[in-house]
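**Student:** Sharing a structure with you now.
The values are calculated or read from the model by the stated rules, or taken from the named source; none is laboratory data. Note that the structure is a prediction, hence the values are computed from the model and not measured. For neighbour counting, all protein chains shown are included, and Cβ atoms are generated from backbone atoms with ideal geometry for every residue, glycine included. Side chains included, ligands, DNA and RNA excluded: accessible areas come from the protein's heavy atoms. Shrake-Rupley method; radii C 1.70, N 1.55, O 1.52, S 1.80 Å.
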Amino acid sequence: MNTQPKRVEHQQTDRGTIPVYTTAVVEQPWDSYTDTDHKVWAQLFARQREVLKGRACKEFIQAQDLLEMTADAIPRFDELNEILKPATGWELIGVEGLLPEQTFFDHLANRRFPVTWWIRKPEQINYISEPDLFHDLFGHVPLLMNPVFADYMEAYGRGGLKAEKIGPEALMNLTRLYWYTVEFGLIRDDNGELRIYGSGIVSSEGESIYSLESAAPNRIGFDLERIMRTQYRIDTYQQTYFVIDDFEQLFEATQPDFVPIYDKLKTQPSFPAREVQDDDKVYQRGTREGFATDADA
Ligand code: PHE
Ligand code: CO
């Protein structure tokens, strides 16, 4: 079996130029994984579990344990589904990589989570510019076991289908919400300490440490409209992280109809990723040390 994903086209989006793949759902070609593939999984799995001790939120770690993910081998999607489906109704589907937006939203709205079936090469252990199996499976899938987060993800999918009909600005507002929550969100634990839940962070050793411990980035309390107005970068660690109190807060805050919000935001300027605003709830005002000097995406 040829393990090279089939790249079909490149698409210019507000996240930069990204490859978009065929829309077809593929069966996970589990037997085609090489020893090297399993070793990459094992190495990343062991390393991230270690770095996430005391850094990832408890919901993430517990869910990953429940799913019985281990370093031993790349998990089989159908075995994970046997645990995930009865828990929250979510189902993993294999895909070649990033999907066209509407297809992605439609999957989420129907509680199907697309997981890239191929894993990065050994030389990409520390950085890969597009989502692979490790990011999708290790990073995104555990929280689908959490009932509140599971509902949020479905609602996001429906919200995406809606925003697409409204227009590109609405879609950008919504994409920023995904970026700053699902991908790069922080959460407070029972003692008020900051913990990680965003999949872009939990799947990166460097950013797992940086997001919590570096003095450079801002850490700011979750605010829906504030996030929807905030630009982001895809090529560096984040310059600002947004902190939720719990998943209920995230779910509740995103229940209202976004149409009037999109309407209102149309006339308001967006914020550069690095800026702190006057009415922000600031956990940490970043020093901006080491920030790139060029513009945000
Ligand atoms: N409430 C949003 C809307 O009306 C949908 C949504 C829910 C979006 C949750 C994101 C997250 O569009
Ligand atoms: Co992701």
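**Student:** Would you be able to tell me the number of residues in the range 145-154 that are within 11 Å of ligand 1 (Cβ to nearest atom) and more than 17 Å from GLY185 (Cα to Cα)?
**Tutor:** 1
**Student:** While we're looking at this one, here's another question. If VAL115 passes every condition in (1) more than 13 Å from the chain's Cα centre (by Cα); (2) farther than 19 Å from ILE234 by Cα but one, which one does it miss?
**Tutor:** Evaluating VAL115 over (1) more than 13 Å from the chain's Cα centre (by Cα); (2) farther than 19 Å from ILE234 by Cα leaves (1) as the failure.
**Student:** Looking at ALA163, ALA170, ALA155, which is the one that is at pLDDT 95 or above, more than 16 Å from ligand 2 (Cβ to nearest atom), among the hydrophobic types (A, V, I, L, M, F, W, C) and open to solvent by 10 Å² or more (accessible area, probe 1.4 Å)?
**Tutor:** Unique residue meeting the criteria: ALA155.
**Student:** Then there is this: Tell me, yes or no, whether the range 251-266 has at least one residue that is more than 16 Å from ligand 1 (Cβ to nearest atom) and either within 16 Å of ARG188 (Cβ to Cβ) or open to solvent by 50 Å² or more (accessible area, probe 1.4 Å) (or both).
**Tutor:** No.
**Student:** Could you grab me the full set of residues in the range 177-204 that are more than 12 Å from ligand 2 (Cβ to nearest atom) and either aromatic (Phe, Trp, Tyr) or out of contact with any strand residue (DSSP E or B) (no Cβ under 8 Å at 6 or more places or on another chain) (or both)?
**Tutor:** Listed by number, the residues that qualify are LEU177, TYR180, ASP190, ASN191, GLY192, GLU193, TYR197.
**Student:** Within the set of pairs 6 or more residues apart or between chains, which connect a residue that is small (Gly, Ala, Ser) inside the range 97-114 to a residue that is part of a helix (DSSP H, G or I) with Cβ atoms less than 8 Å apart?
**Tutor:** What qualifies is ALA109/GLU154; ALA109/GLY157; ALA109/ARG158; ALA109/GLY160; ALA109/LEU161.
**Student:** With the requirement that a residue be farther than 29 Å from ILE166 by Cβ and assigned to a loop (DSSP other than H, G, I, E, B), what does the range 90-128 give you?
**Tutor:** Of everything in the range 90-128, those that are farther than 29 Å from ILE166 by Cβ and assigned to a loop (DSSP other than H, G, I, E, B) turn out to be TRP117, TRP118, ILE119, ARG120, LYS121, ILE125, ASN126, TYR127, ILE128.
**Student:** Any residue at all in the range 258-278 that's more than 26 Å from ASP151 (Cα to Cα) and in contact (Cβ under 8 Å) with a residue 60 or more places away in the chain?
**Tutor:** Yes, some residue in the range 258-278 is more than 26 Å from ASP151 (Cα to Cα) and in contact (Cβ under 8 Å) with a residue 60 or more places away in the chain.
**Student:** Checking the conditions here, which among PRO142, PRO122 is under 22 Å from ALA42 (Cβ atoms) and either open to solvent by 20 Å² or more (accessible area, probe 1.4 Å) or within 16 Å of ligand 1 (Cβ to nearest atom) (or both)?
**Tutor:** Exactly one of PRO142, PRO122 is under 22 Å from ALA42 (Cβ atoms) and either open to solvent by 20 Å² or more (accessible area, probe 1.4 Å) or within 16 Å of ligand 1 (Cβ to nearest atom) (or both), namely PRO122.
**Student:** Turning to a different aspect of this structure: Mind listing just one residue for me: the one in the range 160-218 that is assigned to a helix (DSSP H, G or I) and polar (S, T, N, Q) and, of those, farthest from ligand 1 (Cβ to nearest atom)?
**Tutor:** SER208
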